[in-house]
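Participant: My questions all concern the structure below.
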Amino acid sequence: MIDFYTFNFPDGHQVAIMLEELGMPYKSHMVDLSKGENFSPEFEKISPNHTIPAILDNEGPEGKPVRVFESGAILLYLAQKSGRFLGINPISSLEMSQWLMLVLSGLAPFAREFLLRNQVGPHEEMKSTGRELSSLQSKIVRHVSALDFRLREYPYLAKSYSIADMSGISWIQALQHHGCISVDDYVGVRNWYNRMKSRQPVRQGLELLERG
């Protein structure tokens, strides 16, 4: 059994998708960031940086419990444990790692900033000016365009379906939902987006946290 600590945000969605794809037994625990629950002493033992998502795998290496924090590390851990979604050969595995890093270290930081500033609302000190949001959007568009370049040629980022796609769809879905981008502006991304949304585990993973 895996204990899955998360919140309704793309960082958590991608791990939820992976867990659904693998069909591993897990129990989700909502960590309410708005109430500061991520700073509790109990959660700090699982995620020292006080961030979601994090997991506690009660059947880790050598059958011993192990905690894993940071979304990319969790995706890689679960992929390595299951032997799935890492690419079908050494070349596609290398492609997977490059596109996963582009999403996690390229797109995600700008997308996260945009989503947080766009959703804050009543906290005036956190609101962004139109110019600041426009600057974030231009950086997001640059990374989405890179994904589109790839996805015009291949059905998935590593040619075969992988954790890079699970990470990517979580952020693209959120950016689409909040009006930062329209997938219809990117032929490759649009086709990939529809292909991803046709997968039941992807839909379940994206909806899991909204269901609570």
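Participant: What are the pairs with Cβ atoms under 7 angstrom where one residue, in region 131-146, is in the same structural domain as Gly179 (by TED's automatic domain parsing) and basic (Lys, Arg) and the other, located anywhere, is assigned to a helix (DSSP H, G or I) and modelled with pLDDT of 95 or more? Sequence gap at least six, or different chains.
Facilitator: Lys139/Phe110
Participant: So Met30 fits all but one of (1) touching a residue at least 60 places away in the same chain (Cβ under 8 Å); (2) buried (at least 17 other Cβ atoms within 10 Å of the Cβ); (3) outside the structural domain of Ser162 (by TED's automatic domain parsing); what number is the exception?
Facilitator: (2)
Participant: Something else: Enumerate the pairs (first residue in region 53-82 and in contact (Cβ under 8 Å) with a residue 40 or more places away in the chain and farther than 25 Å from Leu33 by Cβ; second residue anywhere and polar (S, T, N, Q) and in a loop (DSSP other than H, G, I, E, B)) with beta-carbon separation below 9 Å, excluding pairs fewer than 6 apart on the same chain, so at least 6 apart or on different chains.
Facilitator: Listed pairs, sorted by first residue: Ala79/Ser162.
Participant: Among the listed residues Ser34, Ser47, identify the single one that is farther than 23 Å from Asp165 by Cα, in contact with a strand residue (DSSP E or B) (Cβ under 8 Å, 6 or more places away or on another chain) and not aliphatic (A, V, I, L, M).
Facilitator: So the residue among Ser34, Ser47 that is farther than 23 Å from Asp165 by Cα, in contact with a strand residue (DSSP E or B) (Cβ under 8 Å, 6 or more places away or on another chain) and not aliphatic (A, V, I, L, M) is Ser47.
Participant: Quick check on my filter: what residues within region 1-33 are of a type in the set (A, V, I, L, M) and either in contact with a Leu (Cβ under 8 Å, 6 or more places away or on another chain) or not in a helix (DSSP H, G or I) (or both)?
Facilitator: Listed by number, the residues that qualify are Met1, Ile2, Val15, Ala16, Ile17, Met18, Leu19, Leu22, Met24, Met30, Val31.
Participant: I've got another one for you. Restricting to region 74-92, count the residues that are within 18 Å of the chain's Cα centre (by Cα) and assigned to a helix (DSSP H, G or I).
Facilitator: Count: 7.
Participant: For region 48-56, check the following and say yes or no: at least one residue is surrounded by 16 or more Cβ atoms within 10 Å (Cβ to Cβ) and under 25 Å from Lys159 (Cα atoms).
Facilitator: Checked region 48-56: no residue is surrounded by 16 or more Cβ atoms within 10 Å (Cβ to Cβ) and under 25 Å from Lys159 (Cα atoms).
Participant: Could you please give the count of residues in region 34-56 that are under 26 Å from Ala79 (Cα atoms) and touching a helix residue (DSSP H, G or I) at 6+ places or on another chain (Cβ under 8 Å)?
Facilitator: 8
The values are calculated or read from the model by the stated rules, or taken from the named source; none is laboratory data. In this text the structure is predicted, and so the values were computed from the model without any measurement. In this analysis, Cβ positions are derived from the backbone assuming ideal geometry, glycine residues included, and neighbour counts consider all displayed protein chains.
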